[in-house]
């Protein structure tokens, strides 16, 4: 390979989100909790505010959610995460649908030390849970996408720094989620957020100025709502006052008596769109009075955010010229590689089955990011990873590295890349082991169902799985979605999933999937094959899956699954009475959820 001047610009360590005093405070809180000086409910609210969740059927053993603002991690942070996994948890780091990283099975006494270690690489779990502003998500291709209007990362960064530990955002009626997209493709899924922002331009006096379309009131859960457009052009200057206005209105008007009606989508619904919009604008006009020193700058210092993009050479380096005729590599190129708007560079999506990676993989990815991607990696809302700034001339070398790790599978936009929540393995609210079903479907769609998993006519379709109706797996937004439940058959409890079809999102809009039928858990792979089979049999020439669903109507599918409603009696088919990944008979167990505490 030719030598070049293309060298790593190691992102600088940013610890500006860290407050070290919090770790000693956590230790004091644990001692007071253990000694009975503070009530368990008070301690629970405290730990949730610090990103510490309870685990199903465990006492004082926890899941820790690490906030990854707009999905960006440096190589140093990947290595720090690997250290934490090995020393404190079971060695697994799970990528969530909010671009976070979650660790499991940490005893409460070890939590302060774990948080201290995370802080050494600039990572925090503060306000990753509880009635706060959760992780601010953004398009993982922001800054490099060919279709973006402009880079939204500086704006996401400003929102993060303004709201983290802000007294205004410490005790909402419920959680509040924010997403930003620089493109109408809306890879951040803004329509499903409490506050969604999409970049746009407006011509004024012969020049284009930056602004945003701002959406408020989206959300999934058992009562999904699409966000409403409250302003089609919010100027740069008005973005932060608008964000502040929205959270102030939520804090003031959110329902604190009924947790199931506490999200901002219900505030919008109760007030009406026009009245809510008018209140946001009114509140925005006075928001600056509460900020005597102003808002954080959109132009964050380099040592605070590490915009390595700005330092990269214009010309990419030379690479190998003797690339073999490799069919698998060609398919990987077609599926997982996108050209950047910067000539000669590419973004590479790495498909992560179930969002699960282990500590050695984090270390290897850190090394790969330094060698090929300027020391960065971005998590995605579909539980995958993106390398950016990969020289096109070095794509084959990167592919070989990923192949050695078992992560070179093409299909980042294929049906087998199933999204799923953690489910009943760890979550108190989950009914079914949705994570296990996610892994099973992914395995089958790359194995005995491979004709579906990699079919060209199914490219871009997705499957999403949740362990209950709350939609942490975003089942409402999937081409084929499932959420967990239970039914009694032949006198015994059987894990089930409600199948939904037709969900999608884009450009600030959402179409929620329509429920079709409840199916026993062990029959879900058959249901997936059947839905796709019906589409292929019934479609007209050139008709997409979504056009087909809209034409026939989801209700027309109900009778086509009647034979999947039942299973034989327990003695004849004992496996049908077990959930995926379980060796015991299913029994409905639902604890008290902590996401709404």
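Where a number appears in this text, it was derived from the coordinates with a stated rule and is not lab data. Just so you know, these numbers come straight off a predicted model, no measurement behind them. Note that each Cβ is placed from the backbone with ideal geometry, even for glycine, and that neighbours are counted across all protein chains shown.
Tabulated data
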item: Kirkwood hydrodynamic radius of segment 21-130, from inverse mean 1/r over distinct Cα pairs, in Å; result: 14.0
item: Segment residue 168-residue 342, extension gain: residue separation times 0.36 nm, minus the distance between their alpha carbons; result: 58.7 nm
item: Size descriptor, Kirkwood hydrodynamic radius, that averages inverse alpha-carbon separations across segment 30-90, Å; result: 13.6
item: Segment 147-290: C-alpha gyration tensor shape, a/c 1.5 cut-off, then a/b vs b/c; result: prolate
item: Relative packing of peptides 266-272, 369-375, 154-160 - highest average C-beta neighbours within 10 Å first; result: 154-160, 369-375, 266-272
item: Where labels lie 7 Å past Cα in the beta-carbon direction, separation of residue 556 and residue 16 in nm; result: 5.5
item: Calculated FRET efficiency for the pair residue 563/residue 256, C-beta based, R₀ 45 Å, to 0.05; result: 0.40
item: Hydrodynamic radius (Kirkwood) for segment 55-113, which is based on Cα pairs only, to one decimal in Å; result: 12.0
item: 468, 421 arranged by Cβ crowding within 10 Å, fewest neighbours leading; result: 468, 421
item: Helical mean residue ellipticity (222 nm; -39500 (n - 2.57) per DSSP H run of 4+; nearest 500) of the chain; result: -9000 deg cm²/dmol
item: Counting DSSP beta bridges with both ends in segment 161-279, the antiparallel % (nearest 5); result: 80
item: Binned Cα-Cα distances of segment 368-485, short to long, each 10 Å bin given as a whole percent; result: 14, 36, 32, 16, 2
item: Per-residue Cβ neighbour rank within 10 angstrom, fewest leading, 186, 559; result: 559, 186
item: Relative contact order computed over the chain (Cα-Cα under 8 Å; 6+ residues apart), in percent; result: 14
item: Relative counts (whole %) of C-alpha pair distances in segment 191-254, using bins that are 10 Å wide; result: 22, 46, 24, 8, 1
item: Approximate spin-label separation residue 328-residue 105, in nm, with each point projected 7 Å along Cα-to-Cβ; result: 3.0
item: Linear extension gain, residue 299 paired with residue 448, 0.36 nm per residue minus alpha-carbon span; result: 48.6 nm
item: Alpha carbon centroid spacing (whole Å) that separates segment 218-239 from segment 101-175; result: 20
item: Beta bridges per DSSP with both ends in the chain, % antiparallel, nearest 5; result: 85
item: Rule-of-thumb Rg ratio for the chain [Cα; 2.2 N^0.38 Å; N residues]; result: 0.95
item: Share, in percent, of DSSP beta bridges within segment 419-577 that are antiparallel, nearest 5; result: 75
item: Gyration tensor (alpha-carbon) shape descriptor, segment 317-414, a/c threshold 1.5; result: rounded
item: Convex hull per residue volume in Å³, alpha carbons only, for segment 231-289; result: 76
item: Counting all C-alpha pairs of segment 419-577, share separated by more than 22 Å (%); result: 41
item: For segment 132-221: rounded, prolate or oblate by the Cα gyration tensor [a/c cutoff 1.5]; result: prolate
item: Neighbour-count ranking [beta-carbon atoms within 10 angstrom, fewest first] of 124, 200; result: 200, 124
